[in-house]
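Down below is the structure, laid out as C-alpha coordinates.
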Amino acid sequence: MPVELVETKLKSALPVHLVAKDSLEATRLTPSSVAWAKANGFSGEAGRALILPGENGAIAGALFGIGEGEGSLAVGALARTLPEGDWSLASTPTDPELGALGLILGGYVFTRYGKKPGKALRFALPSGADAARIRRIADGVFLTRDLVNTPTSDMGPDELEKAVRTLAATHKADVSVIKGDDLLKQNFPMIHAVGRASVGAPRLIDMTWGGKNAPKVTLVGKGVCFDTGGLDIKPSSGMLLMKKDMGGAANVLGLASMIMAAGLKVRLRVLIPAVENSIAGNAFRPGDILASRKGITVEIGNTDAEGRLVLADALALADDDEPQLLVDMATLTGAARVALGPDLPPFYTGDEALASKLAAASLAVEDPLWRMPLWRPYDAKLSSKIADINNVTTDGFAGSITAALFLKRFVEKTAGWAHFDIFAWNPADRPHGPAGGEAQGIRALERIISTRYG
(Lines give C-alpha, C1' and ligand atoms only; values in the text may rest on other atoms or scores of the structure.)
Protein backbone atom coordinates (compact mmCIF):
# COMPACT_ATOMS: atom_id res chain seq x y z
CA MET A 1 0.00 0.00 0.00
CA PRO A 2 1.48 3.42 -0.94
CA VAL A 3 0.14 4.85 2.33
CA GLU A 4 1.42 3.10 5.43
CA LEU A 5 -0.19 3.33 8.87
CA VAL A 6 2.37 3.22 11.65
CA GLU A 7 1.26 2.19 15.12
CA THR A 8 4.34 3.56 16.89
CA LYS A 9 5.03 7.26 17.31
CA LEU A 10 6.67 8.92 14.32
CA LYS A 11 9.17 11.40 15.76
CA SER A 12 9.64 13.17 12.45
CA ALA A 13 5.94 13.33 11.57
CA LEU A 14 4.60 16.65 10.35
CA PRO A 15 1.15 17.70 11.57
CA VAL A 16 -1.93 17.99 9.38
CA HIS A 17 -4.49 20.37 10.87
CA LEU A 18 -8.12 19.73 9.91
CA VAL A 19 -9.89 23.05 9.45
CA ALA A 20 -13.64 23.56 9.16
CA LYS A 21 -14.87 26.24 6.77
CA ASP A 22 -14.30 29.81 8.01
CA SER A 23 -12.84 28.63 11.31
CA LEU A 24 -9.14 29.48 11.05
CA GLU A 25 -9.27 31.69 14.12
CA ALA A 26 -10.76 28.83 16.15
CA THR A 27 -7.76 26.57 15.52
CA ARG A 28 -4.57 26.35 17.59
CA LEU A 29 -2.48 27.55 14.68
CA THR A 30 0.15 30.21 15.20
CA PRO A 31 -0.70 33.73 14.05
CA SER A 32 1.85 33.41 11.24
CA SER A 33 0.20 30.17 10.00
CA VAL A 34 -3.22 31.83 10.04
CA ALA A 35 -1.81 34.77 8.12
CA TRP A 36 -0.21 32.39 5.57
CA ALA A 37 -3.52 30.59 5.10
CA LYS A 38 -5.41 33.84 4.55
CA ALA A 39 -2.77 35.08 2.13
CA ASN A 40 -3.27 31.92 0.09
CA GLY A 41 -7.06 32.17 0.14
CA PHE A 42 -7.47 29.12 2.37
CA SER A 43 -10.60 29.20 4.51
CA GLY A 44 -11.18 25.50 5.24
CA GLU A 45 -13.11 24.71 2.06
CA ALA A 46 -13.69 20.99 1.67
CA GLY A 47 -10.88 18.97 0.15
CA ARG A 48 -8.26 21.67 -0.18
CA ALA A 49 -4.78 21.17 1.29
CA LEU A 50 -2.24 23.88 1.98
CA ILE A 51 1.41 23.30 2.95
CA LEU A 52 2.69 25.40 5.88
CA PRO A 53 6.21 26.77 5.42
CA GLY A 54 8.84 26.37 8.12
CA GLU A 55 12.31 27.76 8.62
CA ASN A 56 14.93 27.64 5.85
CA GLY A 57 12.43 26.45 3.24
CA ALA A 58 11.38 23.38 5.23
CA ILE A 59 7.80 22.18 5.55
CA ALA A 60 6.22 22.80 8.94
CA GLY A 61 2.96 20.98 8.38
CA ALA A 62 -0.23 21.24 6.38
CA LEU A 63 -3.81 22.41 6.56
CA PHE A 64 -6.73 20.42 5.18
CA GLY A 65 -10.21 21.78 4.72
CA ILE A 66 -13.15 19.70 5.93
CA GLY A 67 -15.77 22.21 4.83
CA GLU A 68 -19.05 22.21 6.69
CA GLY A 69 -18.93 18.67 7.97
CA GLU A 70 -17.25 16.46 5.37
CA GLY A 71 -17.12 12.84 6.48
CA SER A 72 -14.06 11.24 7.99
CA LEU A 73 -13.21 9.47 4.72
CA ALA A 74 -12.64 12.87 3.13
CA VAL A 75 -9.12 13.01 4.58
CA GLY A 76 -8.24 10.36 2.01
CA ALA A 77 -7.51 13.22 -0.39
CA LEU A 78 -4.33 13.83 1.62
CA ALA A 79 -2.84 10.64 0.17
CA ARG A 80 -2.66 12.36 -3.21
CA THR A 81 -1.94 15.95 -2.17
CA LEU A 82 0.74 15.78 0.53
CA PRO A 83 4.46 15.53 -0.26
CA GLU A 84 6.11 12.20 0.55
CA GLY A 85 7.21 11.72 4.13
CA ASP A 86 5.89 11.11 7.65
CA TRP A 87 2.68 12.79 8.79
CA SER A 88 0.18 12.73 11.62
CA LEU A 89 -3.31 14.13 12.00
CA ALA A 90 -3.04 16.95 14.53
CA SER A 91 -6.83 17.12 14.62
CA THR A 92 -8.80 13.92 15.05
CA PRO A 93 -11.51 13.14 12.48
CA THR A 94 -15.02 12.50 13.79
CA ASP A 95 -14.32 8.78 13.36
CA PRO A 96 -10.57 8.11 13.72
CA GLU A 97 -10.79 4.63 12.19
CA LEU A 98 -12.65 5.89 9.13
CA GLY A 99 -10.15 8.71 8.80
CA ALA A 100 -7.26 6.25 8.84
CA LEU A 101 -9.08 4.00 6.35
CA GLY A 102 -9.67 7.01 4.10
CA LEU A 103 -5.93 7.69 4.02
CA ILE A 104 -5.22 4.12 2.92
CA LEU A 105 -8.00 4.03 0.32
CA GLY A 106 -7.09 7.45 -1.05
CA GLY A 107 -3.59 6.23 -1.86
CA TYR A 108 -4.75 3.42 -4.15
CA VAL A 109 -3.15 3.22 -7.59
CA PHE A 110 -3.78 0.49 -10.19
CA THR A 111 -0.25 -0.36 -11.35
CA ARG A 112 -0.71 -3.58 -13.37
CA TYR A 113 -0.14 -1.91 -16.73
CA GLY A 114 2.74 0.38 -15.90
CA LYS A 115 1.25 3.30 -13.99
CA LYS A 116 3.69 4.40 -11.30
CA PRO A 117 2.82 3.75 -7.64
CA GLY A 118 1.47 6.59 -5.58
CA LYS A 119 3.42 8.68 -3.12
CA ALA A 120 5.21 6.94 -0.26
CA LEU A 121 3.51 8.38 2.81
CA ARG A 122 3.50 7.23 6.41
CA PHE A 123 0.82 8.29 8.85
CA ALA A 124 0.77 7.80 12.58
CA LEU A 125 -2.26 5.66 13.41
CA PRO A 126 -4.90 7.90 15.03
CA SER A 127 -5.80 7.04 18.60
CA GLY A 128 -8.80 4.71 18.78
CA ALA A 129 -8.25 3.13 15.35
CA ASP A 130 -7.84 -0.64 14.90
CA ALA A 131 -4.93 -1.12 12.48
CA ALA A 132 -5.68 -4.78 11.72
CA ARG A 133 -9.32 -4.06 10.90
CA ILE A 134 -8.37 -1.11 8.69
CA ARG A 135 -5.92 -3.24 6.72
CA ARG A 136 -8.33 -6.10 6.05
CA ILE A 137 -11.07 -3.69 4.98
CA ALA A 138 -8.62 -1.91 2.69
CA ASP A 139 -7.39 -5.23 1.29
CA GLY A 140 -10.96 -6.17 0.37
CA VAL A 141 -11.61 -2.81 -1.28
CA PHE A 142 -8.32 -3.00 -3.21
CA LEU A 143 -9.12 -6.52 -4.41
CA THR A 144 -12.45 -5.27 -5.73
CA ARG A 145 -10.88 -2.27 -7.44
CA ASP A 146 -8.11 -4.36 -9.02
CA LEU A 147 -10.56 -6.89 -10.45
CA VAL A 148 -12.87 -4.23 -11.89
CA ASN A 149 -10.01 -2.20 -13.35
CA THR A 150 -8.53 -5.18 -15.19
CA PRO A 151 -9.69 -5.32 -18.83
CA THR A 152 -11.47 -8.39 -20.13
CA SER A 153 -8.40 -9.45 -22.13
CA ASP A 154 -6.96 -10.35 -18.72
CA MET A 155 -10.21 -10.86 -16.77
CA GLY A 156 -12.45 -13.23 -18.70
CA PRO A 157 -14.27 -16.17 -17.12
CA ASP A 158 -11.01 -18.18 -16.90
CA GLU A 159 -9.14 -15.38 -15.14
CA LEU A 160 -12.04 -14.59 -12.81
CA GLU A 161 -12.06 -18.24 -11.75
CA LYS A 162 -8.30 -18.01 -11.11
CA ALA A 163 -8.85 -14.91 -8.96
CA VAL A 164 -11.39 -16.83 -6.86
CA ARG A 165 -9.00 -19.76 -6.49
CA THR A 166 -6.19 -17.42 -5.41
CA LEU A 167 -8.37 -15.84 -2.73
CA ALA A 168 -9.57 -19.28 -1.61
CA ALA A 169 -6.02 -20.56 -1.29
CA THR A 170 -5.09 -17.61 0.91
CA HIS A 171 -7.85 -18.44 3.39
CA LYS A 172 -8.04 -22.23 2.92
CA ALA A 173 -11.49 -22.12 1.34
CA ASP A 174 -12.88 -24.74 -1.02
CA VAL A 175 -13.77 -24.06 -4.66
CA SER A 176 -15.83 -26.08 -7.12
CA VAL A 177 -16.71 -25.08 -10.67
CA ILE A 178 -19.44 -26.22 -13.07
CA LYS A 179 -18.30 -25.31 -16.57
CA GLY A 180 -19.50 -25.39 -20.16
CA ASP A 181 -22.06 -28.04 -21.12
CA ASP A 182 -21.94 -29.42 -17.58
CA LEU A 183 -24.11 -26.43 -16.69
CA LEU A 184 -26.90 -28.02 -18.71
CA LYS A 185 -26.36 -31.41 -17.12
CA GLN A 186 -26.57 -29.89 -13.64
CA ASN A 187 -29.53 -27.62 -14.43
CA PHE A 188 -28.12 -24.12 -14.85
CA PRO A 189 -29.59 -23.44 -18.30
CA MET A 190 -29.68 -19.63 -18.18
CA ILE A 191 -26.01 -19.30 -17.18
CA HIS A 192 -25.17 -21.57 -20.09
CA ALA A 193 -27.38 -19.69 -22.56
CA VAL A 194 -25.91 -16.27 -21.77
CA GLY A 195 -22.29 -17.40 -21.94
CA ARG A 196 -22.23 -20.05 -24.64
CA ALA A 197 -21.31 -17.68 -27.50
CA SER A 198 -17.99 -16.72 -25.90
CA VAL A 199 -14.65 -18.46 -26.43
CA GLY A 200 -14.39 -18.43 -22.63
CA ALA A 201 -16.77 -21.14 -21.44
CA PRO A 202 -19.52 -20.04 -19.04
CA ARG A 203 -19.27 -21.39 -15.52
CA LEU A 204 -20.67 -21.26 -12.01
CA ILE A 205 -17.94 -20.73 -9.41
CA ASP A 206 -18.80 -21.95 -5.90
CA MET A 207 -16.50 -21.07 -2.99
CA THR A 208 -17.18 -22.19 0.60
CA TRP A 209 -15.39 -21.38 3.85
CA GLY A 210 -15.98 -21.72 7.58
CA GLY A 211 -17.53 -24.25 9.93
CA LYS A 212 -20.29 -26.36 8.41
CA ASN A 213 -22.55 -25.78 11.41
CA ALA A 214 -22.00 -22.00 11.57
CA PRO A 215 -24.72 -19.54 10.47
CA LYS A 216 -24.91 -19.42 6.68
CA VAL A 217 -24.01 -16.25 4.79
CA THR A 218 -24.22 -16.54 1.00
CA LEU A 219 -22.98 -13.93 -1.47
CA VAL A 220 -23.94 -14.01 -5.16
CA GLY A 221 -22.10 -11.76 -7.61
CA LYS A 222 -22.81 -11.05 -11.26
CA GLY A 223 -19.71 -12.11 -13.17
CA VAL A 224 -20.40 -10.88 -16.70
CA CYS A 225 -16.80 -10.28 -17.72
CA PHE A 226 -17.83 -8.30 -20.79
CA ASP A 227 -21.24 -7.37 -22.11
CA THR A 228 -21.65 -6.58 -25.79
CA GLY A 229 -25.39 -6.60 -25.26
CA GLY A 230 -25.56 -9.81 -27.25
CA LEU A 231 -27.63 -9.75 -30.44
CA ASP A 232 -29.34 -6.63 -29.03
CA ILE A 233 -25.90 -5.10 -29.37
CA LYS A 234 -24.87 -2.00 -27.47
CA PRO A 235 -23.51 1.04 -29.34
CA SER A 236 -19.73 1.37 -29.14
CA SER A 237 -20.02 4.09 -26.51
CA GLY A 238 -22.06 1.73 -24.36
CA MET A 239 -19.27 -0.86 -24.36
CA LEU A 240 -16.44 1.37 -23.17
CA LEU A 241 -16.90 0.44 -19.50
CA MET A 242 -18.25 -3.06 -19.95
CA LYS A 243 -15.12 -4.60 -18.44
CA LYS A 244 -16.75 -3.55 -15.16
CA ASP A 245 -19.87 -5.65 -15.74
CA MET A 246 -18.35 -8.22 -13.39
CA GLY A 247 -18.35 -5.58 -10.66
CA GLY A 248 -20.89 -7.55 -8.63
CA ALA A 249 -18.52 -10.54 -8.55
CA ALA A 250 -15.60 -8.28 -7.67
CA ASN A 251 -17.52 -6.73 -4.80
CA VAL A 252 -18.66 -10.01 -3.25
CA LEU A 253 -15.06 -11.28 -3.46
CA GLY A 254 -13.87 -8.13 -1.69
CA LEU A 255 -16.48 -8.69 1.02
CA ALA A 256 -15.54 -12.38 1.27
CA SER A 257 -11.91 -11.35 1.74
CA MET A 258 -12.91 -9.11 4.67
CA ILE A 259 -15.02 -11.85 6.27
CA MET A 260 -12.39 -14.57 5.98
CA ALA A 261 -9.51 -12.33 7.09
CA ALA A 262 -11.49 -11.46 10.23
CA GLY A 263 -12.22 -15.12 10.95
CA LEU A 264 -15.91 -14.45 11.42
CA LYS A 265 -17.99 -17.34 12.73
CA VAL A 266 -20.02 -17.97 9.59
CA ARG A 267 -20.41 -20.60 6.91
CA LEU A 268 -19.57 -18.41 3.94
CA ARG A 269 -20.59 -19.33 0.42
CA VAL A 270 -19.77 -17.27 -2.65
CA LEU A 271 -21.52 -18.02 -5.96
CA ILE A 272 -20.34 -16.33 -9.15
CA PRO A 273 -21.91 -17.05 -12.53
CA ALA A 274 -18.96 -16.10 -14.76
CA VAL A 275 -19.80 -15.50 -18.41
CA GLU A 276 -19.14 -13.20 -21.35
CA ASN A 277 -22.20 -11.99 -23.24
CA SER A 278 -20.81 -12.32 -26.74
CA ILE A 279 -22.11 -12.52 -30.31
CA ALA A 280 -21.78 -15.67 -32.40
CA GLY A 281 -23.96 -18.04 -34.35
CA ASN A 282 -24.97 -19.85 -31.16
CA ALA A 283 -25.82 -16.71 -29.15
CA PHE A 284 -29.21 -16.66 -27.46
CA ARG A 285 -31.76 -14.54 -29.29
CA PRO A 286 -34.56 -12.03 -28.61
CA GLY A 287 -37.77 -14.04 -28.46
CA ASP A 288 -36.10 -17.21 -27.20
CA ILE A 289 -37.73 -18.98 -24.26
CA LEU A 290 -35.19 -20.09 -21.67
CA ALA A 291 -35.77 -22.65 -18.97
CA SER A 292 -34.34 -21.78 -15.55
CA ARG A 293 -33.03 -23.82 -12.67
CA LYS A 294 -36.15 -22.98 -10.69
CA GLY A 295 -38.46 -24.17 -13.47
CA ILE A 296 -39.68 -20.69 -14.35
CA THR A 297 -39.65 -20.13 -18.12
CA VAL A 298 -38.28 -16.79 -19.30
CA GLU A 299 -39.03 -15.05 -22.60
CA ILE A 300 -36.09 -12.97 -23.79
CA GLY A 301 -37.31 -9.48 -24.57
CA ASN A 302 -33.76 -8.15 -24.73
CA THR A 303 -30.43 -10.00 -24.74
CA ASP A 304 -28.83 -6.98 -23.07
CA ALA A 305 -30.73 -7.80 -19.87
CA GLU A 306 -28.54 -10.86 -19.32
CA GLY A 307 -27.25 -10.20 -15.81
CA ARG A 308 -30.56 -11.04 -14.17
CA LEU A 309 -30.64 -14.34 -16.08
CA VAL A 310 -27.32 -15.65 -14.75
CA LEU A 311 -28.09 -14.31 -11.27
CA ALA A 312 -31.47 -16.07 -11.27
CA ASP A 313 -29.95 -19.54 -11.69
CA ALA A 314 -27.34 -18.82 -9.00
CA LEU A 315 -29.93 -17.37 -6.62
CA ALA A 316 -32.16 -20.43 -7.04
CA LEU A 317 -29.24 -22.61 -5.95
CA ALA A 318 -28.43 -20.33 -3.02
CA ASP A 319 -32.07 -20.20 -1.91
CA ASP A 320 -32.26 -23.99 -1.70
CA ASP A 321 -29.69 -23.78 1.12
CA GLU A 322 -31.84 -21.27 3.10
CA PRO A 323 -28.98 -19.14 4.46
CA GLN A 324 -29.53 -16.68 7.29
CA LEU A 325 -28.33 -13.93 4.97
CA LEU A 326 -28.38 -13.97 1.16
CA VAL A 327 -26.91 -11.01 -0.70
CA ASP A 328 -26.59 -10.51 -4.42
CA MET A 329 -24.64 -7.69 -6.02
CA ALA A 330 -24.71 -6.70 -9.67
CA THR A 331 -24.02 -3.88 -12.08
CA LEU A 332 -27.53 -4.53 -13.25
CA THR A 333 -29.35 -1.49 -14.63
CA GLY A 334 -28.70 1.93 -16.08
CA ALA A 335 -32.01 2.90 -14.50
CA ALA A 336 -30.39 2.80 -11.06
CA ARG A 337 -27.82 5.37 -12.20
CA VAL A 338 -30.54 7.60 -13.68
CA ALA A 339 -32.43 7.49 -10.38
CA LEU A 340 -29.58 7.84 -7.90
CA GLY A 341 -26.39 8.58 -9.82
CA PRO A 342 -23.11 6.63 -9.71
CA ASP A 343 -22.24 7.16 -6.03
CA LEU A 344 -25.46 6.01 -4.35
CA PRO A 345 -26.38 2.37 -5.02
CA PRO A 346 -29.95 1.25 -4.39
CA PHE A 347 -30.69 -1.89 -2.44
CA TYR A 348 -33.87 -3.93 -2.24
CA THR A 349 -35.11 -6.20 0.52
CA GLY A 350 -38.38 -7.31 2.06
CA ASP A 351 -36.69 -7.83 5.43
CA GLU A 352 -37.43 -4.70 7.48
CA ALA A 353 -34.86 -5.48 10.17
CA LEU A 354 -32.15 -6.01 7.58
CA ALA A 355 -33.12 -2.79 5.79
CA SER A 356 -32.83 -0.85 9.03
CA LYS A 357 -29.41 -2.32 9.79
CA LEU A 358 -28.16 -1.57 6.28
CA ALA A 359 -29.29 2.04 6.52
CA ALA A 360 -27.57 2.48 9.89
CA ALA A 361 -24.37 0.75 8.78
CA SER A 362 -24.27 2.81 5.59
CA LEU A 363 -24.20 6.02 7.63
CA ALA A 364 -21.80 4.66 10.25
CA VAL A 365 -19.08 3.67 7.77
CA GLU A 366 -19.79 6.32 5.10
CA ASP A 367 -20.67 3.71 2.49
CA PRO A 368 -23.71 5.27 0.75
CA LEU A 369 -26.78 3.11 0.15
CA TRP A 370 -30.44 3.92 -0.48
CA ARG A 371 -33.37 1.57 -0.07
CA MET A 372 -35.73 1.27 -3.03
CA PRO A 373 -39.13 -0.46 -2.99
CA LEU A 374 -40.02 -3.93 -4.23
CA TRP A 375 -43.22 -2.40 -5.60
CA ARG A 376 -45.48 -5.37 -6.28
CA PRO A 377 -47.84 -3.64 -8.76
CA TYR A 378 -44.88 -3.36 -11.17
CA ASP A 379 -44.50 -7.14 -11.17
CA ALA A 380 -47.15 -7.32 -13.91
CA LYS A 381 -44.83 -5.39 -16.24
CA LEU A 382 -42.73 -8.55 -16.56
CA SER A 383 -45.58 -10.65 -17.89
CA SER A 384 -45.21 -12.75 -21.04
CA LYS A 385 -47.94 -14.10 -23.33
CA ILE A 386 -46.12 -17.38 -23.95
CA ALA A 387 -43.81 -17.91 -20.94
CA ASP A 388 -43.99 -17.49 -17.18
CA ILE A 389 -42.10 -14.19 -17.27
CA ASN A 390 -40.24 -11.81 -19.59
CA ASN A 391 -36.75 -10.61 -18.72
CA VAL A 392 -37.66 -6.97 -19.47
CA THR A 393 -40.67 -4.68 -19.49
CA THR A 394 -42.19 -3.16 -22.61
CA ASP A 395 -42.48 0.44 -21.40
CA GLY A 396 -38.99 0.96 -19.95
CA PHE A 397 -40.28 2.43 -16.68
CA ALA A 398 -38.89 1.53 -13.22
CA GLY A 399 -36.04 -0.50 -14.70
CA SER A 400 -34.13 -1.07 -11.47
CA ILE A 401 -37.27 -1.98 -9.51
CA THR A 402 -38.53 -4.44 -12.12
CA ALA A 403 -35.07 -6.06 -12.32
CA ALA A 404 -35.19 -6.57 -8.55
CA LEU A 405 -38.71 -8.00 -8.82
CA PHE A 406 -37.46 -10.40 -11.50
CA LEU A 407 -34.76 -11.68 -9.14
CA LYS A 408 -37.16 -11.90 -6.21
CA ARG A 409 -39.10 -14.64 -8.04
CA PHE A 410 -36.06 -16.89 -7.64
CA VAL A 411 -35.74 -16.35 -3.86
CA GLU A 412 -38.64 -17.88 -1.93
CA LYS A 413 -37.22 -19.67 1.09
CA THR A 414 -34.70 -17.12 2.36
CA ALA A 415 -36.18 -14.26 4.38
CA GLY A 416 -32.92 -12.35 4.80
CA TRP A 417 -32.29 -11.48 1.14
CA ALA A 418 -31.00 -8.19 -0.23
CA HIS A 419 -30.24 -7.17 -3.80
CA PHE A 420 -27.73 -4.38 -4.57
CA ASP A 421 -27.79 -2.65 -7.98
CA ILE A 422 -24.30 -1.14 -7.94
CA PHE A 423 -22.23 0.88 -10.43
CA ALA A 424 -18.81 -0.36 -9.19
CA TRP A 425 -17.07 2.65 -10.72
CA ASN A 426 -15.97 6.17 -9.80
CA PRO A 427 -16.50 8.39 -12.87
CA ALA A 428 -14.17 10.98 -11.28
CA ASP A 429 -11.66 11.09 -8.45
CA ARG A 430 -13.14 11.01 -4.96
CA PRO A 431 -11.24 11.73 -1.72
CA HIS A 432 -10.98 8.06 -0.79
CA GLY A 433 -10.60 6.65 -4.29
CA PRO A 434 -9.43 7.63 -7.77
CA ALA A 435 -11.52 7.34 -10.91
CA GLY A 436 -11.98 3.69 -11.82
CA GLY A 437 -13.25 0.51 -10.23
CA GLU A 438 -14.88 0.90 -6.83
CA ALA A 439 -16.24 -1.13 -3.93
CA GLN A 440 -19.81 -0.17 -3.07
CA GLY A 441 -21.93 -1.43 -0.20
CA ILE A 442 -19.46 -4.03 1.04
CA ARG A 443 -18.10 -1.99 3.95
CA ALA A 444 -21.67 -1.52 5.21
CA LEU A 445 -22.34 -5.24 4.78
CA GLU A 446 -19.10 -6.08 6.58
CA ARG A 447 -20.21 -3.92 9.52
CA ILE A 448 -23.51 -5.83 9.77
CA ILE A 449 -21.95 -9.29 9.41
CA SER A 450 -19.03 -8.63 11.77
CA THR A 451 -21.33 -7.12 14.39
CA ARG A 452 -23.55 -10.19 14.33
CA TYR A 453 -20.97 -12.92 13.84
CA GLY A 454 -17.69 -11.40 15.08
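The values are calculated or read from the model by the stated rules, or taken from the named source; none is laboratory data. These numbers come from a predicted model, not from an experiment. Using ideal geometry, Cβ is built from the backbone for each residue, glycine included, and neighbour counts are taken over all protein chains shown. Calculation scope for accessible area: heavy atoms of the full protein, side chains included, ligands and nucleic acids excluded. Shrake-Rupley method; radii C 1.70, N 1.55, O 1.52, S 1.80 Å.
Based on Cα atoms of the stretch 22-97, Rg over Rh with Rh as the Kirkwood radius reads 0.94.
Ranking Ala355, Gly295, Asn56 by how far each Cα lies toward the positive end of the dipole of the chain (charges on Cβ) leaves Asn56 at the top. The mean sequence separation of alpha-carbon pairs under 8 Å and at least six residues apart, normalised by the residue count of the chain, gives a relative contact order of 16 percent. Which of Lys216/Lys413; Lys222/Lys243; Lys172/Lys212; Lys244/Lys357; Lys162/Lys243; Lys222/Lys244 have a Cα-Cα distance over 19 Å? The pairs that break the limit, which is 19 Å between Cα atoms, are Lys244/Lys357. The packing ranking of peptides 31-40, 290-299, 439-448, highest mean first, is 439-448, 290-299, 31-40, where packing means the average number of other beta carbon atoms within 10 angstrom of each residue.
The alpha carbons of the stretch 267-413 occupy a box of 49, 36, 30 Å along the principal axes, longest dimension given first. Using Cβ point charges alone (K and R +1, D and E -1), the dipole size of the chain about the Cα centre works out to roughly 580 debye.
For the stretch 292-348, the convex hull spanned by the alpha carbon atoms encloses 96 Å³ per residue. Of the accessible area of the chain, computed with a 1.4 Å probe over protein heavy atoms only, carbon and sulfur atoms account for 52 percent. Spherically averaged projected area of the convex hull of Cα atoms, the stretch 409-454: 4.8 nm². For the stretch 238-295 versus the stretch 41-115, the spacing of their alpha-carbon centroids is 36 Å.
Using the rule -39500 (n - 2.57) for each DSSP H run of four or more residues, divided by the residues of the chain, the 222 nm mean residue ellipticity is -9500 deg cm²/dmol.
Each 5 Å bin, from zero up to the one with the longest distance, holds this percent of the alpha carbon pairs of the stretch 163-229: 3, 14, 22, 22, 18, 13, 6, 2, 0.
In the complete set of protein chains, residue-level accessible area for Trp375 is approximately 130 Å², probe 1.4 angstrom.
Per residue, the chain exposes 41 Å² of solvent-accessible protein surface, assessed with a 1.4 angstrom probe and all protein chains in place.
Computed from the Kirkwood radius of its Cα pairs, the Stokes-Einstein diffusion coefficient for the stretch 175-326 at 20 °C and 1.002 mPa s stands at 136 µm²/s.
A protection proxy built from the mean count of other Cβ atoms within 10 Å ranks the segments 219-226, 430-437, most packed first, as 219-226, 430-437. Under 12 Å of direct C-alpha separation, and excluding same-chain neighbours fewer than eight residues apart, Lys381 reaches these aspartates and glutamates: Asp395.
Under a model in which nothing but the beta-carbon of Lys, Arg (+1) and Asp, Glu (-1) is charged, the stretch 169-257 shows a dipole of about 180 debye around its Cα centre.
Computed 3J(HN,Hα) for the stretch 173-188, one whole-Hz value per residue from the Karplus formula 6.51 cos²θ - 1.76 cosθ + 1.60 where θ = phi - 60°, is 9, 9, 10, 10, 9, 10, 10, x, 5, 5, 4, 5, 5, 9, 6, 10, glycine and proline marked x. An ellipsoid equivalent to the stretch 352-428, defined through the eigenvalues of its Cα gyration tensor, has semi-axes of 27, 17, 10 Å when rounded to whole angstrom and sorted largest first. Net charge in the neighbourhood of Arg165 (other residues with Cβ under 15 Å of its Cβ; Lys, Arg +1, Asp, Glu -1) is -1.
If you take the Cα centroid of the stretch 413-454 and the Cα centroid of the stretch 151-182, the two points sit 21 Å apart. Packing order of peptides 77-84, 310-317, highest average first: 310-317, 77-84 (average count of other Cβ atoms within 10 Å over each peptide's residues). You can think of it this way: the chain between Lys9 and Asp86 has 26.7 nm of extra reach, that is 0.36 nm per residue less the Cα-Cα gap. Counting only the Cα atoms, the chain fills a convex hull of 151 Å³ per residue. Spin-label model, Asn213 to Arg376: label points 7 Å out along the Cα-to-beta-carbon direction sit 3.9 nm apart.
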